[in-house]
Amino acid sequence: MGPIILFASFMLFLILSVPVAISVGLSSAIMIFQDGMPPTVIIQRLFTTMDSFTLLAVPFFILAGGLMEKGGMSKRLVDFAYSLVASMTGGLGMVSILACMFFASISGSGVATVAAIGAIMIPAMVAKGYDKGFASSTVAAAGELGVVIPPSIPLILYGVAAGVSIQDLFFAGIIPGFMIGVTFMILVYFVSKVKKYSGEKRYSWKEKFISFKDAILALIMPVIILGGIYSGYFTPTESAVVACVYALIVGLFVYKELKWKDLPQIFYNCALTSSVVLIIIANAGLFGWILTSDGVPQAVATWFGGVSSNPIIFLLIINLLLFIVGMFFDSGAAILILAPILVPVAISYGIDPVHFGIVMIVNLAMGMITPPFGVNLFMVSQVANISMEKLLKYTVLFVLVMIANVLILSYIPSISTWLPQVFTK
């Protein structure tokens, strides 16, 4: 009866438009009182959830994204991507996707990726005759790569919630992130072919080298972050601090576009965003603890076992479940609530938890561009000043491509597990 009360109260709060983080916390508190436990348990579990060195990476990666955006790194990444693919059919759309891939390898956030790249690329595409809805949808979809390509905040949260190596998860996200980016480029190419969006001027090798040289400090940043993690010089949390220091030095003293007077506003924005994320994490930790105490993961495993013992059917059901969840829930909250329940079940089906983590993250990333709560859609509608109706016309094409990617990643686990197996032996 307990889990029913927990989920019923949670859904009631959501229907009443209570923010997700507060809904999770209030429904958990109701269960604490229902079970006759003292109120101090709530405070203890909230602090226990937050007492994690790994979670320090979240605010630091958010800060690193803010510093590199204001410090001119994002602009140089766009310029380099422009020199590489702008001459192709639909070149500016491809530039947007490639720039998002570059930015994603540093920021760890989908929304930050959309904000940084969208502000530059959407006006540029519209000025060249691209449909505003298509331009905005392209950036919104490519922004998803911020949560798939390492370093990724949702991958860190999954690692914490499921007890899986974050280093392995970072390795596992590289090929899927690249694969999704390439399939998006293919879609942009064919749409542009139909819409007759021609490419820009072709860049010479000398011009490409100049743009590469200008962007080299920005491009080195993910090499430092990921190289340091994979080589064991620092942890994912320490790498986030390194990213902040690096972005600060380059922005202030090399590119000189970041000013001392900009720092208070950047720190304020970082604190605001981090506080929202960390409140969700704390309340979701309490929620997950109650579920585990009531034996929900075991009950779910038993239910799945009764439905089918076939891992193919299990993954199909999970993909459908996560697709629906992603439409209504923040990815961080969904990961922290569902991972402790579903990962043990996946393991019982013989599914590698690293592989399952990528399937979960990519599914929930799709929720960033699906209504009613697609955060990337809301962000890009603000950046481009465009209505949701015009966005959805083209967004559905990217969702279909994402569904194809999810199915491929689900049933070919080696795409996710090959790199971790090679580099962690």
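The values are calculated or read from the model by the stated rules, or taken from the named source; none is laboratory data. Predicted model, so just to flag it, every value in this text is computed and none were measured. Every residue, glycine as well, gets a Cβ built from its backbone with ideal geometry; the counts of neighbours run over all protein chains shown. Heavy atoms of the whole protein, side chains included, go into the accessibility calculation; ligands, DNA and RNA do not. Shrake-Rupley method; radii C 1.70, N 1.55, O 1.52, S 1.80 Å.
Descriptive notes on the structure:
- Distance from the Cα centroid of region 117-151 to that of region 153-189 is 19 Å (rounded to whole angstrom).
- Listed peptides 86-95, 336-345, 393-402, 39-48 appear in the order 86-95, 336-345, 393-402, 39-48 once ranked by packing, highest mean of other Cβ atoms within 10 Å at the front.
- Net charge over other residues, Cβ less than 14 angstrom from the Cβ of G93 (K, R count +1; D, E count -1): +3
- Charge dipole (the chain, unit charges on Cβ, about Cα centre) - positive-most of I43, P151, G332: P151
- When only alpha carbons are used to place a centre, region 325-380 and region 19-85 end up 15 Å from one another.
- Of the solvent-accessible surface of region 38-90, computed with a 1.4 Å probe over protein heavy atoms with every protein chain present, carbon and sulfur atoms account for 65 percent.
- Residues in region 255-267 carry Karplus couplings, in order, of 6, 6, 9, 8, 10, 4, 5, 6, 4, x, 5, 5, 5 Hz; the curve used is 6.51 cos²θ - 1.76 cosθ + 1.60 with θ = phi - 60°, and Gly or Pro positions show x.
- Distance between the pseudo-spin-label points of N269 and I403 (7 Å out from Cα toward the beta carbon): 3.6 nm.
- Note on region 165-280: with neighbouring protein chains present and a 1.4 Å probe, carbon and sulfur make up 71 percent of its accessible heavy-atom surface.
- Where the Cα pairs of region 1-114 fall when distances are cut into 5 Å bins, in %: 2, 10, 13, 11, 11, 10, 9, 9, 9, 7, 4, 2, 1, 0
- Pairwise alpha-carbon distances in region 255-362 exceed 19 Å for 56% of all pairs.
- Compared with the dominant Cα axis of the chain, that is its longest principal axis, helix 311-328 is turned about 70°.
- Measuring between alpha carbons in the structure, the pairs from K70/K195; K196/K259; K206/K256 lying more than 31 angstrom apart are K70/K195; K196/K259.
- Here is the list for region 222-303: chymotrypsin sites (Phe, Trp or Tyr not before Pro) lying in DSSP coil, each with at most 12 other C-beta atoms within 10 angstrom of its C-beta, are Y233.
- Among the chymotrypsin sites (Phe, Trp or Tyr not before Pro) in region 53-155, those located in a DSSP loop and surrounded by at most 11 other Cβ atoms within 10 Å of their own Cβ are F53.
- Here's the picture: charge each Lys and Arg Cβ at +1 and each Asp and Glu Cβ at -1 in region 191-270, and of F253, V223, Y197 the one pushed furthest to the positive end of that dipole is Y197.
- Heavy-atom surface of region 194-250, accessible at 1.4 Å and reported per residue (Å²): 58 Å²
- Computed over region 319-425, the quotient of the alpha carbon radius of gyration and 2.2 N^0.38 Å is 1.20.
- Axis angle, to the nearest 10 degrees, between helix 132-142 and the longest C-alpha principal axis of the chain: 60 degrees.
- Counting only Cα atoms, the size of region 175-325 along its three principal axes is 63, 47, 33 Å, in decreasing order.
- Helix 414-423 and the longest principal axis of the Cα set of the chain meet at an angle near 80°.
- Think of it as helices only: each DSSP H run of n ≥ 4 in the chain is worth -39500 (n - 2.57), and spread over all residues that comes to -26000 deg cm²/dmol at 222 nm.
- Karplus-derived 3J(HN,Hα), 6.51/-1.76/1.60, for each residue of region 200-207, Hz, glycine and proline x: 8, 5, 7, 8, 6, 4, 5, 5
- Contact order normalised by residue count of the chain, Cα under 8 Å, 6+ apart, percent: 25 percent
- Electrostatic dipole magnitude of the chain [Cβ: Lys, Arg +1; Asp, Glu -1; Cα centre; debye, to 20]: 1420 debye
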